1. I need the helices of the chain that pass two filters: whole DSSP H segments spanning 18 Å or more by Cα along the axis, and mean Kyte-Doolittle score no lower than 0.5.
2. For the chain, just the Cα set please: Rg and Dmax, both in angstrom.
3. Near residue 312, within a Cβ-to-Cβ distance under 14 Å, what is the net charge of the other residues, with Lys and Arg +1 and Asp and Glu -1?
4. Exactly which chymotrypsin sites (Phe, Trp or Tyr not before Pro) in region 135-171 are in a DSSP loop and have at most 12 other Cβ atoms within 10 Å?
5. Using the 10 angstrom Cβ neighbour count as an exposure proxy, how do 121, 298 rank, fewest first?
6. I'd like to compare 426-432, 3-9: which one has the highest average count of other Cβ atoms within 10 Å, and what's the full order after that?
7. Given only helices, namely DSSP H runs of n ≥ 4 each adding -39500 (n - 2.57), what is the per-residue ellipticity at 222 nm of the chain, to the nearest 500 deg cm²/dmol?
8. Given 203, 226, 190, which one lies farthest toward the positive end of the charge dipole of the chain, if we put +1 on the Cβ of every Lys and Arg and -1 on the Cβ of every Asp and Glu?
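Since every read-out is calculated from the coordinates, none of them should be taken as a lab result. Keep in mind the model is a prediction, meaning the values are calculated, not measured. Here the Cβ is made from the backbone with ideal geometry for all residues, glycine too, and neighbour counts use every protein chain on show.
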Amino acid sequence: MVFNSYTFIAFFIVMLILHNLPFSWKVKKINLLLASYVFYAAWNPPFILLLWLSTVVDFFVGRALYNQENKYKRKLLLVLSLIGNLGMLCFFKYGTFLLENFTLLVNGLGMDFHPAKPNIILPAGISFYTFTTLCYTIDMYKRKSKPVKSMLDFSLFVTFFPHLVAGPIVRPPQLVPQFETPRQATQKQIIQGLLLVTLGLFMKVVLADSLLAQSANDVFNAKQVLHTLDAWTGVFAFSGQIFFDFAGYSTCAIGVAACLGFILPENFLYPYAAIGFSDFWRRWHITLSSWLRDYLYIPLGGNRNGKFRTYINLMLTMLIGGLWHGASWTFVVWGGLHGAYLWGEKIIQDFSKKKQVPMTAVPSAEIGVLGVLPRDLKAKTFRNFMYAMVTFFFINVTWVFFRAPDFGSAWQLLNAMFYNVPNAEALLTTLSIIKVLTVTFFLVAFHWIMRDTKVLVIGEKMPWWLLGIFWAVLILLLIWSQESGSSFIYFQF
């Protein structure tokens, strides 16, 4: 079931009615849990068994980890949890990938090995709910918080339908306490939630699918040599598409949860206005980047063991982050490019610290990819804007590997982006190019204008009539583009 479907609209209306009926809080939570299973079962009902297995195992293992005093038994329990969760993820998501690469390796060594191709179906959202349960057992091992008392609360934490399939990736302290006491949305929450749902659907249906998807598909699936303008237009189209698609889902998820009285963490904060690559990862897929930081980068040693280890830990984190997105070496390269960008940013940061002795008091967060930035990163100066545009340029280069089906297609597209073949045949129509470039311009401009605020804050300041007109326009455009029922891009991860 996808947010941009009539089925979900009917489902959501039923859930709003049930959640606001005078049932006990326990009954309402059971309703939410059953609805979450129905929501997930719409893809493939048997995969609910994986959810149940992950939920039950981590609930009891987490409690045992917290209460167990023997350090060896605690480590054994943690290893069992990691093997269970990551083993399930590796089999379903990376089984075919690992077998293909093993086959290539063995055949490269001179052995004739041709196994039958496995028919493994990837469960929707397995990467997201695996990370959700993993953070619980790791937190229990470190005793960062107390175990969840109720199996019902823990099950709902894992399977709560707004975040289940594509995030945001929530942690126990962010959501479990909200299940412990009765919650019902206020009138303000319902209005804000419905506004966010409308905005998220507009981003997905109108902007991502109707305006950008076709141009991105045409360019990335092209077999011919591309004109430079076509190549850049296609990359810009995908850059906008993946933002509007994924941020649209997160916005819908936050809005749906708000209508039910719950608060989910922010997942995007105008990333195409980022000043430098560390700033980009503070704004793009925030819950994943913070998860990788807290559960991978810091445990690896972070920046505590010297510069060399810091660079290694940084690259390993980004490589694994790239592989998390998909079972392909192109995703690893995508992560590696981001790791290299962060390396370059840190090298310049360290050099700037040594060179500019009088500015030793400047926090490291104020050092950007091209040197020492102005002290106030929130200032919308022309210099900061140029930093942001340089960052946006390099981010677009990485999207080539994220979207391209293979390395051959990626190199062909990169070559077209930076070298214009004189006799290259035009692929996109003039109207398509104008449409994509116009959307890209307004996307970047909007991110820059809004980079230090939030939509709901602006909405509260708007006169009611102006907000009503804006909302009505979004709905009319959704109706105009109503035939877009494609799945969200991040469902495959």
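1. Numbers: long enough: 6-19 (20 Å, 2.30); 25-41 (24 Å, 0.66); 48-67 (29 Å, 1.39); 71-108 (44 Å, 0.78); 126-142 (24 Å, 0.46); 187-201 (21 Å, 1.09); 228-259 (46 Å, 1.03); 306-325 (29 Å, 0.54); 329-355 (38 Å, -0.15); 382-403 (31 Å, 1.03); 430-450 (30 Å, 1.84); 464-480 (24 Å, 2.42).
Qualifying helices, which must be both long enough and hydrophobic enough, are 6-19, 25-41, 48-67, 71-108, 187-201, 228-259, 306-325, 382-403, 430-450, 464-480.
2. 23.6, 73
3. Numbers: positive: 304, 307, 309, 346; negative: none.
Overall, the nearby charge balance is +4.
4. Values: sites: 136, 141, 154, 157, 160; in loops: 160.
In loop regions of region 135-171 (DSSP not H, G, I, E or B), there are no sparsely surrounded chymotrypsin sites (Phe, Trp or Tyr not before Pro).
5. Working: 121 10, 298 14.
So the ranking, lowest neighbour count to highest, is 121, 298.
6. Details: 426-432: 14.6, 3-9: 16.4.
My ranking of the peptides, most packed first, is 3-9, 426-432.
7. Details: 20 runs with 320 residues, N = 493.
Computed mean residue ellipticity for the chain: -21500 deg cm²/dmol.
8. Highest projection toward the positive end goes to 190.
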